[in-house]
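What follows is one structure encoded as structure tokens, with my remarks underneath.
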Amino acid sequence: MSRPRAKLIDYFPGCPVEATLSFLDGKWKGVILHHLLEEGTLRFNELRRRIPAVTQRMLTKQLRELEEAGLVSRTVHAVVPPRVDYDLTPLGKTLEPVISALRLWGSEHVMCGDDQVSAVMPPQQKVRSAA
């Protein structure tokens, strides 16, 4: 598994946060995990349709890294044409609270539009003063 964060440092100073992020590090890993959590077992092309911006090569790479980390299982069916299914392992399913928290935060604090993504404070929330 490629670990860009590990290349920068010899240890994880924010451990266990930094160590956990190293497993999710990658542009599409969180999205892949989200879809597998929401929909269960998916074939490669089903994942590809759900993430239209990802290239086939990058999806393959990210899935291999998730498989190597023990978060995703890959099942090859001996049929013509070949069929490959991806599913979360029991370890991968333990990431559900993490992915759910990211989804909730994004729905409350992320504004998408005009080819821009920005974090915003929802109007109904008040900022607490540090007193």
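Restricting attention to segment 91-115 and to residues that are surrounded by fewer than 12 Cβ atoms within 10 Å (Cβ to Cβ) and of a type in the set (Asp, Glu), the residue that is farthest from residue 29 (Cα to Cα) turns out to be 114. Looking only at residues in segment 77-131 that are modelled with pLDDT of 95 or more and either part of a strand (DSSP E or B) or among the β-branched types (Val, Ile, Thr) (or both), which one is farthest from residue 20 (Cα to Cα)? Among residues in segment 77-131 that are modelled with pLDDT of 95 or more and either part of a strand (DSSP E or B) or among the β-branched types (Val, Ile, Thr) (or both), the one farthest from residue 20 (Cα to Cα) is 85.
Of the residues making up segment 26-51, not one is exposed (fewer than 14 other Cβ atoms within 10 Å of the Cβ), closer than 23 Å to residue 101 by Cβ and in contact with a strand residue (DSSP E or B) (Cβ under 6 Å, 6 or more places away or on another chain). Every condition in (1) of a type in the set (Gly, Ala, Ser); (2) on the phi > 0 side of the Ramachandran plot; (3) assigned to a strand (DSSP E or B) is met by residue 73 except one, and the failing one is (2). All told, residue 54 meets the bar of being surrounded by 14 or more Cβ atoms within 10 Å (Cβ to Cβ) and either more than 15 Å from the chain's Cα centre (by Cα) or free of Cβ contacts under 8 Å to residues at least 40 places away in the same chain (or both).
Just the residues that are among the β-branched types (Val, Ile, Thr) and part of a loop (DSSP other than H, G, I, E, B), please, taken from segment 38-70. Even if it seems obvious, please write down each step before you answer.
The initial filter retains those residues of segment 38-70 that are among the β-branched types (Val, Ile, Thr), namely 41, 51, 54-55, 60.
Listed by number, the residues that qualify are 41, 51, 54, 55.
Can you name every residue in segment 15-49 that is over 13 Å from the mean Cα position of the chain (by Cα) and not acidic (Asp, Glu)?
In the first step, residues of segment 15-49 are kept if they are over 13 Å from the mean Cα position of the chain (by Cα); the result is 15-19, 39-46, 48-49.
Hits for segment 15-49 are 15, 16, 17, 19, 40, 41, 42, 43, 44, 45, 48, 49.
Can you find, within segment 57-83, the residue that is nearest to the chain's Cα centre (by Cα) among those that are loosely packed, with under 15 Cβ neighbours inside 10 Å and among the β-branched types (Val, Ile, Thr)? Show your work before the answer.
If we filter segment 57-83 for residues that are loosely packed, with under 15 Cβ neighbours inside 10 Å, which is where we start, we get 57-58, 60, 64, 68, 70, 74-83.
Filter once more, keeping what is among the β-branched types (Val, Ile, Thr): 60, 75-76, 79-80.
Details: 60: 14, 75: 20, 76: 22, 79: 29, 80: 30 Å.
In this case the residue turns out to be 60.
The values are calculated or read from the model by the stated rules, or taken from the named source; none is laboratory data. Computed from a predicted model, the values in this text were never measured in an experiment. Glycine gets a Cβ as well: all are built from the backbone with ideal geometry, and neighbour counts include every protein chain shown.
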